[in-house]
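The values are calculated or read from the model by the stated rules, or taken from the named source; none is laboratory data. These numbers come from a predicted model, not from an experiment. Ideal geometry is used to build each Cβ from the backbone, glycine not excepted, and the neighbour counts take in all protein chains shown.
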Amino acid sequence: MDNLVNTNYTWNELTSACNKCTRCALCRDRTNVVIGRGNPSADVMFVGEGPGKQEDLQGEPFVGAAGQLLNSALTALRFSQDSYYITNIVKCRPENNREPVAEEIGACIEWLRIQTRLVQPKVVVCLGNVALKTLIDKDMSISKERGNWYVKKGILFTSTYHPAALLRRSELKQDFWQDLEAVKAKMETLYE
Ligand code: URA
Ligand code: SF4
């Protein structure tokens, strides 16, 4: 991380710095930087991989097909729109929805660190392998680790399948649902 990033950013400063960011090559083909959406002081933060086509066009995370699937699951589980914050590991779209490479993740992760400092979530939910490997442990894989919980720096971390995986493999939906139900139950214990 170069020392040009001010880690005491406010939301406004973060937004304008992200929108101008050229820290990695993904800046070249983007339409919009996709920073995040939802409650900026939510107790739960969902972290995906990176913007897809719709997200790049609209500048909002999880607004395409995978996002709609996630939204309907969250609505069914009574996570209101303002009960969570949602973002991605990288803020600009990797072409053809390929996975971001280590260099891009390394360049972008400081934005997520700053977002986490601003949101101060109690629970972080990794959606898919890229978020799991980046935020929990690089040697883990989602099929083995999903649903497990860890504590890091006072924040609870868990993971489940990326909703795009469910579009290809609907047999994963049951586990995904169970993992989100566990997140909901965990959130409720925090308020007791
Ligand atoms: N997939 C992601 O990982 N993030 C989005 O915002 C959309 C699809
Ligand atoms: Fe900057 Fe992240 Fe976009 Fe790369 S992906 S240009 S680091 S905002």
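Quick notes on this one:
- Residue in segment 10-22 that is among the hydroxyl-bearing types (Ser, Thr, Tyr), crowded, with 18+ Cβ neighbours inside 10 Å and modelled with pLDDT of 95 or more present: no
- Matching residues, segment 153-189, being of a type in the set (A, V, I, L, M, F, W, C), in a helix (DSSP H, G or I) and surrounded by 12 or more Cβ atoms within 10 Å (Cβ to Cβ): ALA164, ALA165, LEU166, LEU167, LEU172, PHE176, TRP177, LEU180, ALA182, VAL183, MET187
Per-residue answers, yes or no, for (1) away from ligand 2 (no atom under 11 Å from the Cβ); (2) in contact (Cβ under 8 Å) with a residue 12 or more places away in the chain; (3) under 30 Å from GLY154 (Cα atoms):
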{"residue": "ASN8", "(1), (2), (3)": "yes, no, yes"}
{"residue": "ASN12", "(1), (2), (3)": "yes, no, yes"}
{"residue": "SER16", "(1), (2), (3)": "yes, no, yes"}
{"residue": "LYS20", "(1), (2), (3)": "no, no, no"}
{"residue": "VAL33", "(1), (2), (3)": "no, yes, yes"}
{"residue": "ALA42", "(1), (2), (3)": "yes, yes, yes"}
{"residue": "GLY50", "(1), (2), (3)": "no, yes, yes"}
{"residue": "LYS53", "(1), (2), (3)": "yes, yes, no"}
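- Exclusive hit being surrounded by fewer than 21 Cβ atoms within 10 Å (Cβ to Cβ) and in contact with a helix residue (DSSP H, G or I) (Cβ under 7 Å, 6 or more places away or on another chain), set GLU103, GLU95, GLU99: GLU99
- Evaluation of LYS153 against the conditions (1) at pLDDT 95 or above; (2) away from ligand 2 (no atom under 16 Å from the Cβ); (3) of a type outside the set (Phe, Trp, Tyr) shows that the sole unmet condition is (1).
- Tally of residues being more than 27 Å from LYS186 (Cβ to Cβ) and within 16 Å of ligand 2 (Cβ to nearest atom) across segment 59-85: 1
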